[in-house]
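For reference, the structure discussed in these notes is given below.
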Amino acid sequence: MEKHLICLDLDGTLLNDEKHISPYTKRVLQYLKKAGHEIIISTGRPYRASVDYYRAMDMNTPIINFNGAYIHHPTDNRFEPKHDQFDARIASKIFQDISQLNVKNIIAEVRDQVYINNYDQTLFEGFSMGNPEIKYGKLNELLTESPTSLLIQAEDDEIPNIKKHLNKHYAEFIEHRRWGAPFPVIEIVKKGINKGKAVKYVAEYLNVDFDNIIAFGDEDNDNEMIQFANYGIAMGNAIPELKEIANEVTDTNNNDGIGKYLNKHFGLNM
């Protein structure tokens, strides 16, 4: 069988609700890896919050972080990394605008550095994975370079108003998506950044035919990746909008949705 590229979102997809990779799904993936197929992580998380899973799967491929804003190869310096930061002036304007909206907090990330507008113990625990440098205070004063991403934390009923504001004033400069997990936030990255383009970049590097790409996801930040992949698979727990555009819907992240689909697709009888 020709070499395939298997693209894995983390939260709500490869990881169950306890943030673990199930033994069965891991066994299937490692079998396919040994058979010569390529497996990558494609996540909204930064590298520091995904490296443990990369190592647990004994991967030797590029990794996609920040929904495609940062792509690098942890074990091969010959791979040309991509780091797409958005204009610091736009970020500064968003900081000013957000103060007029009902926002709980704003987080800026520059690769593995974290800047949080207001101290929050829950956010600290969530963003401290990988021991990044974390600073608190006014983001306009703290940031010394353009951010990789911005995260806006707000109550559920405020999210539509914030997204409407971003669309009205910044549509030509940014992309924004909502996270379902591990935190309910709006993530903002540079215009044109998405997992679909990132997977294309990695697939070309790994010399995998686009017809042989399988991708799994559960949230709206997976839309372009699911549409780009020849086999775009939505998890059983995915949002309805993603299920509508997917080629197929598998079982949930808590019931080995990835392992079950791959077992059937490749005829493994595992």
**Message:** With a 1.4 Å probe and all protein chains left in place, how much accessible area per residue does the chain have, in Å²?
**Reply:** 46 Å²
**Prompt:** Against the longest principal axis of the chain, how steep is helix 88-98, in degrees 0 to 90 to the nearest 10, with axes from Cα atoms?
**Reply:** 70 degrees
**Asked** Any idea what the relative contact order of the chain is, in percent, if you count C-alpha pairs under 8 Å spaced at least 6 apart?
**Response** 21 percent
**Fill in**
Surrounding charge for Gln30, neighbours by C-beta under 15 angstrom, Lys/Arg +1, Asp/Glu -1, total +2
**Message:** Cβ neighbours within 10 Å, averaged per peptide: list 108-119, 85-96 in order, most packed at the top.
**Reply:** 108-119, 85-96
**Asked** Once amide H atoms are placed 1.01 Å from N in the peptide plane, what residues at a sequence separation of 5 or more from Asp9, or on another chain, have their amide H within under 5 Å of its amide H?
**Response** Leu14, Ser42, Phe216
**Prompt:** Out of residues 5 or more away from Lys135 or on other chains, whose amide H comes under 5 Å of its own, with H placed 1.01 Å from N in the peptide plane?
**Reply:** Val114, Tyr115, Ile116
**Prompt:** Is segment 1-114 best put as rounded, prolate or oblate by its Cα gyration tensor, with a ≥ b ≥ c the root eigenvalues, rounded for a/c under 1.5, and otherwise prolate when a/b is larger than b/c, oblate when not?
**Reply:** prolate
**Request:** Would you work out which of Asn194, Gly232, Trp179 lies farthest towards the positive end of the dipole of segment 130-238, given +1 charges on the beta-carbon of Lys and Arg and -1 on that of Asp and Glu, about the Cα centre?
**Result:** Asn194
**Request:** Kindly sort His169, His265, His37 by accessible area of their heavy atoms, largest first, with the probe set to 1.4 Å.
**Result:** His169, His265, His37
**Prompt:** Near Ala198, within a Cβ-to-Cβ distance under 10 Å, what is the net charge of the other residues, with Lys and Arg +1 and Asp and Glu -1?
**Reply:** +2
**Counted charge near Asn254, where neighbours are those whose Cβ lies closer than 9 Å (Asp, Glu -1; Lys, Arg +1)** = -4
**Message:** Please compute the modelled spin-label separation between Tyr31 and Arg89, points set 7 Å along Cα→Cβ, answer in nm with one decimal.
**Reply:** 5.6 nm
**Fill in**
Under the 7 Å Cα-to-Cβ spin-label approximation, Asp211 and Asn131 lie apart by a distance in nanometres of 4.9 nm
**Request:** Could you tell me which of rounded, prolate or oblate describes the chain, using a ≥ b ≥ c as the square roots of the eigenvalues of the alpha-carbon gyration tensor, with rounded for a/c under 1.5 and, failing that, prolate when a/b is larger than b/c and oblate otherwise?
**Result:** prolate
**Fill in**
The answer for Thr148, listing residues at least 5 apart or on another chain whose modeled amide H is closer than 5 Å to its amide H, is Glu109, Val110, Arg111
**Asked** When the accessible area of segment 36-79 is computed with all protein chains present and a 1.4 Å probe, what percentage of it is carbon and sulfur?
**Response** 38 percent
**Prompt:** If you take the beta carbon distance between Gln96 and Glu18 as r and set R0 to 41 Å, what does 1/(1 + (r/R0)^6) give as a FRET efficiency, to the nearest 0.05?
**Reply:** 0.55
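The values are calculated or read from the model by the stated rules, or taken from the named source; none is laboratory data. This one's a predicted model, so the numbers in the text were calculated from it and none came from an experiment. Backbone-built Cβ (ideal geometry, glycine too); neighbour counts: all protein chains shown. What goes into the accessible areas is simple: the full protein's heavy atoms, side chains included, and nothing from ligands, DNA or RNA. Shrake-Rupley method; radii C 1.70, N 1.55, O 1.52, S 1.80 Å.
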